[in-house]
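Report on the following structure.
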């Protein structure tokens, strides 16, 4: 390609009519183009060698014609419950943003962060953000083909408990996780076989079979009605931002009810961190009293639950005896 580029520049320069009067500025432009063409020819061999050396690791991030595509997204390791901020930092770093202090994005990470909290931080940093619920593998591949690494929310290791119980919610909360999709692999027929991603919990990038990716991570989240959710972003005025606007012409791809749900989750998150910040400012004696009170409440709740279970068991036994 560089050889053709050099020949093209040289042919255009050489074919310029000799009788035409050329300004000093135009002469400078022609000289630059000719020099560029010569350098391209001279360096062609070493350039091709370099491309071949890295081609097995990284591909052009904007081509959809390759059976294997990997965006050059920095891989960062999270702290406790920092998968959201760390994933966001990876995406911002991919776009050249300074993420050296990404740990300071939030005042705390005790219970992690939901979509709206991360969206707001991205908007503050000059990003265009689009979101979709009930997405597909094809949607993720399309984002990668556009040079956009989407953030995905799921349950790492799959759903741990089913049903609307508090125990299941708490258990699933432990496994809620954000990751960044960085690429994919296709078979000889062009079918996507693997999704590649940066996992804030792992030191090295990973690739999973698409079925494993969906079943053990992406199909479910702790947010009711949230399935195969992803967030895509790009800097304002970038060509990726233009493709995002084209892909989401009417805004985020989910219902108004789902947006209200995300806002409710965000309010709960903000309330928790506000209370936590206030608690952290208390002296140790007051903290100890609060812990004691909380423990008494928890013990009382267990006692009430145990009595209720006993009463239910007794009632079931009486009913059973009536029909025996």
Is one or more of the residues making up the range 203-214 without any contact (Cβ under 8 Å) to a residue 60 or more places away in the chain and in a loop (DSSP other than H, G, I, E, B)?
no
With the structure loaded, tell me whether residue 293 is exposed (fewer than 13 other Cβ atoms within 10 Å of the Cβ), more than 21 Å from residue 178 (Cβ to Cβ) and not assigned by TED's automatic domain parsing to the domain that holds residue 156 or whether it fails that test.
yes
Residue 262 meets each of (1) surrounded by 15 or more Cβ atoms within 10 Å (Cβ to Cβ); (2) farther than 30 Å from residue 179 by Cα with one exception, condition (2)
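I'd like the residue in the range 112-150 that is touching a residue at least 12 places away in the same chain (Cβ under 8 Å) and over 30 Å from residue 210 (Cβ atoms) and, out of all such residues, is surrounded by the most Cβ atoms within 10 Å (Cβ to Cβ). Spell out the reasoning first.
As a first pass, look at the range 112-150 and keep what is touching a residue at least 12 places away in the same chain (Cβ under 8 Å): 112-119, 121-122, 125-150.
Among the residues that remain, those that are also over 30 Å from residue 210 (Cβ atoms) are: 125-126.
On the way: 125: 16, 126: 14.
So the residue we want is 125.
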Which numbered condition residue 277 misses (of (1) outside any loop (DSSP other than H, G, I, E, B); (2) without any contact (Cβ under 8 Å) to a residue 40 or more places away in the chain)
(2)
Going by what's in this entry, would residue 154 be described as assigned to a strand (DSSP E or B), within 26 Å of residue 99 (Cβ to Cβ), modelled with pLDDT under 95 and touching a helix residue (DSSP H, G or I) at 6+ places or on another chain (Cβ under 7 Å)?
yes
Unmet criterion (only one of (1) in the same structural domain as residue 192 (by TED's automatic domain parsing); (2) surrounded by 15 or more Cβ atoms within 10 Å (Cβ to Cβ); (3) modelled with pLDDT under 80) for residue 99
(3)
Residue 73 being surrounded by 14 or more Cβ atoms within 10 Å (Cβ to Cβ), part of a loop (DSSP other than H, G, I, E, B) and at pLDDT 85 or above:
yes
Please enumerate the residues belonging to the range 172-229 that are in contact with a strand residue (DSSP E or B) (Cβ under 8 Å, 6 or more places away or on another chain) and either surrounded by fewer than 15 Cβ atoms within 10 Å (Cβ to Cβ) or not assigned by TED's automatic domain parsing to the domain that holds residue 85 (or both).
187, 201, 209, 219
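Could you list, in sequence order, the residues of the range 107-148 that are assigned to a helix (DSSP H, G or I) and within 20 Å of residue 72 (Cβ to Cβ)?
Hits for the range 107-148 are 122, 140, 141, 142, 143, 144, 145.
The values are calculated or read from the model by the stated rules, or taken from the named source; none is laboratory data. Predicted model, so just to flag it, every value in this text is computed and none were measured. Please note: Cβ atoms are built from the backbone with ideal geometry, for glycine as well, and neighbour counts cover all protein chains shown.
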